[in-house]
Amino acid sequence: MNPQETSDLLAALMRQEELLKQLVAAINKPKLGLHSEAGNCKIYCNRQHGGLWYTLNGEPSDVPQTALTGYLKELRFENTERRKKETCKLLITIQADRTYILESGYDTHFSKCILAAIATLTPQQLYSPITLQPTPGTTDENVLFCRVWVESELVMASYNEQSDWREISKQAIAVTKAAAEMVF
């Protein structure tokens, strides 16, 4: 490649980078006008109220959609009080048309499915949107699993009673953090 071709290629790449920055800025702009989507949307992931997941706006409200697609921004554990008991929850932050925060018990099958799947991925894979699909258990109507998809590929990750959840959780959190820190 001669110096002129190199210069032209560098200029084209710089134009592409600027266009990409403009596109990202446009996507991240807030919605204008009237709408019902201010702030975060917290989704509780359990079958307690008849559906697979629900929101609370005073009363539990079933979420009829069967999957959520967006960018995984954060996985974290939080101690909180539920029904006058201290409990630990896994909070999953997904950026989509708005920010969704999914909450699940730290030791539920829903949480274990997500943690096991994310722990097997690379930061580059998490740079693409993922899809979380709650799936009911077949033998126990209280059990809720979660399928994790990257693009159109189902992430296959198994676990059992001997799984080291502390290590799996650390790996899943590390991969998520590394993906969030990636630069365009």
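Couplings 3J(HN,Hα) of the range 53-64, computed from phi: 7, 8, 10, 10, 10, x, 10, x, 10, 4, 8, x Hz, in residue order, whole Hz [Karplus 6.51 cos²θ - 1.76 cosθ + 1.60, θ = phi - 60°; x for Gly and Pro].
Among the cysteines of the chain, those whose beta-carbon sits 4.7 Å or more from every other cysteine beta-carbon are 41, 45, 88.
Considering helices alone, the calculated mean residue ellipticity of the chain at 222 nm is -10000 deg cm²/dmol, with DSSP H runs of length four and up weighted by -39500 (n - 2.57) and normalised per residue. Note the listed values (i) 59, 20, 14; (ii) 36, 22, 14; (iii) 50, 16, 15, then indicate which one is semi-axes √(5λ) of the Cα gyration tensor in Å calculated from this particular structure. Step by step, semi-axes √(5λ) of the Cα gyration tensor in Å for this structure corresponds to label (ii). Protection proxy ranking for 78-84, 148-154, using the average of other Cβ atoms within 10 Å per residue and placing the highest first: 148-154, 78-84.
Using θ = phi - 60° in the Karplus curve 6.51 cos²θ - 1.76 cosθ + 1.60, the 3J(HN,Hα) couplings for the range 8-16 round to 5, 5, 4, 5, 5, 5, 5, 5, 4 Hz; x is entered for Gly and Pro. Accessible surface of residue 62, taken over heavy atoms with a 1.4 Å probe and every protein chain present, rounds to 90 Å². Rounded to the nearest 5, the antiparallel percentage of DSSP beta bridges internal to the chain is 90%.
Against the criterion of solvent-accessible heavy-atom surface with a 1.4 angstrom probe, 110, 145 sort, most first, into 145, 110. Taking amide H atoms as placed 1.01 Å from N in the peptide plane, the amide H of residue 42 lies under 5 Å from those of 101, each 5 or more residues away in sequence or on another chain. A simple count of charges around residue 78, restricted to other residues whose Cβ falls under 13 Å of its Cβ and scoring Lys, Arg +1 and Asp, Glu -1, yields 0. Rolling a 1.4 Å probe over the protein heavy atoms leaves residue 173 with an accessible area of roughly 60 Å². Residue ranking by accessible heavy-atom surface, 1.4 Å probe, largest first, among 97, 140 comes out as 97, 140.
The values are calculated or read from the model by the stated rules, or taken from the named source; none is laboratory data. Only a predicted model underlies this, so the values are computations on that prediction, with no experimental measurement involved. We place every Cβ from the backbone using ideal geometry, glycine too, and count neighbours over all the protein chains shown. Just the protein is used for accessible areas: all its heavy atoms, side chains included, with ligands, DNA and RNA removed. Shrake-Rupley method; radii C 1.70, N 1.55, O 1.52, S 1.80 Å.
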